[in-house]
1. Taking the condition of being in contact with an Asp or Glu (Cβ under 7 Å, 6 or more places away or on another chain) and either closer than 21 Å to A:R139 by Cβ or open to solvent by 20 Å² or more (accessible area, probe 1.4 Å) (or both), how many residues in the range B:119-144 meet it?
2. When the range A:65-95 is examined, which residues are found to be small (G, A, S), crowded, with 24+ Cβ neighbours inside 10 Å and more than 7 Å from every other protein chain (Cβ to nearest Cβ)?
3. Give the number of residues within the range B:117-135 that are in contact (Cβ under 8 Å) with a residue 24 or more places away in the chain, part of a loop (DSSP other than H, G, I, E, B) and over 17 Å from the mean Cα position of the chain (by Cα).
4. Going by the structure shown, is B:D142 under 24 Å from A:S127 (Cβ atoms), touching a helix residue (DSSP H, G or I) at 6+ places or on another chain (Cβ under 7 Å) and facing chain A (nearest Cβ under 7 Å)?
5. Taking the options A:Q105, A:Q98, name whichever one is in contact with a strand residue (DSSP E or B) (Cβ under 9 Å, 6 or more places away or on another chain) and open to solvent by less than 80 Å² (accessible area, probe 1.4 Å).
6. Which residues, counting only those in the range B:37-47, are within 18 Å of A:V13 (Cβ to Cβ), touching a residue at least 12 places away in the same chain (Cβ under 8 Å) and at the interface with chain A (Cβ under 8 Å from one of its Cβ atoms)?
7. Mind checking which residues of the range A:50-64 are within 10 Å of chain B (Cβ to nearest Cβ) and either in a strand (DSSP E or B) or among the aliphatic types (A, V, I, L, M) (or both)?
8. Of the numbered conditions (1) facing chain B (nearest Cβ under 7 Å); (2) more than 20 Å from the chain's Cα centre (by Cα); (3) open to solvent by 70 Å² or more (accessible area, probe 1.4 Å), A:R113 fails exactly one; give the number of that condition.
Number of protein chains: 2
Amino acid sequence: MPRLKPNDSFCSVAKAIDLLGERWMLLLIREVAFGTRRFDDFIANLGIARNVLTARLNRLVEAGVLEQAPLRSDGRRMGYRFTPMGEELLPMLIGFMQWGDRWLQTPESIPVRVLERATGKLLPRVSVRNAAGEVLGLRDVDWEPGPGASHPQVAALVAAYEAQRTRAPRPVPAAPAPATPRNKTARSIRSKASPP
Amino acid sequence: MPRLKPNDSFCSVAKAIDLLGERWMLLLIREVAFGTRRFDDFIANLGIARNVLTARLNRLVEAGVLEQAPLRSDGRRMGYRFTPMGEELLPMLIGFMQWGDRWLQTPESIPVRVLERATGKLLPRVSVRNAAGEVLGLRDVDWEPGPGASHPQVAALVAAYEAQRTRAPRPVPAAPAPATPRNKTARSIRSKASPP
């Protein structure tokens, strides 16, 4: 039995999970962000088996997230570094780090704090923002079908979201999260085409 | 053999992966963000087995990411919704969606676009920003030991990052990513205590 229905192979989140969902992957991204470049340093820092590390690094290179490059001042040895595709994972990496700091640590157990290099100030939370830079909550964002929604299997899932909203009684609203002040007045992600 | 060295149990990213790294987890978060509330709707939309879904939902409730609440206008049936802890996953969910749109789709295959409800405008990329709202790249961020870094195992990993930087020849800098204009002049995440 397939683990996912075919329509999920079209979802960008599912595609990202297919690539990065295995637990070592985000830890490897973390290591590269913290400056680890050499094969043996990944092993030392993560305690990962050599054959597993080889497979994971090859997968990240093949997917275009990492690339090999000569280590500076030693042209024969190669190290791993981000491609632009890989560097664009930084918001999700720091977002999970901050989220883990808030929800999975105690104030005394936070191992590292991330800050802006130029000022030394702690970074604000990675947030969803609008073009004006305002922080948006779940009820402030909406979605619309993209070009790929014309595919029958994507259209089926979009229709399912519509149907369950029309059919199912809605749960009472969740308590507003303190971090998303606008979410008292707006609504959750849903199609523009059918307001409730 | 343990899959991770003990010091990784202290990392907020590792803790987040422990909770959310299994592939169904972020898809369940996606479903809740898109308004799925009922057990049978998760099954229909994801094609997930009932026993697997039960276990995953229980884990998310136990961890405090989701909570059960009566479905509106039908007090007997229960649905799932985000807690504030769960709602704070929105930046990472949308970040992965946007990243997948950019790197794992073609322009024609993007299934949905996320936008601001109030304006109908597409959301800018979820980014790391400073307090002034400026977008930061990898070389603009830095880190410092947090309160938990006094633990010997955390201190060992911090020391390893320092040692590999001092010992290893550094790779040549990656080509600057177009999305992070400041990264030409700043440097990658690393301890403030030992500039290269």
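1. Matching residues across the range B:119-144 total 1.
2. A:G86
3. 2
4. Values: under 24 Å from A:S127 (Cβ atoms): yes; touching a helix residue (DSSP H, G or I) at 6+ places or on another chain (Cβ under 7 Å): no; facing chain A (nearest Cβ under 7 Å): yes.
Against the criterion (under 24 Å from A:S127 (Cβ atoms), touching a helix residue (DSSP H, G or I) at 6+ places or on another chain (Cβ under 7 Å) and facing chain A (nearest Cβ under 7 Å)), B:D142 does not qualify.
5. A:Q98
6. Selection gives B:N45, B:L46.
7. A:V52, A:A63
8. So the condition that A:R113 fails would be (2).
The values are calculated or read from the model by the stated rules, or taken from the named source; none is laboratory data. A quick note: this is a predicted structure, and the numbers were derived from the prediction, not measured. Cβ coordinates were reconstructed from backbone atoms using ideal geometry, including for glycine residues, and neighbour counts include every protein chain displayed. Side chains are part of the model used for accessible areas, which takes the heavy atoms of the whole protein and leaves out ligands, DNA and RNA. Shrake-Rupley method; radii C 1.70, N 1.55, O 1.52, S 1.80 Å.
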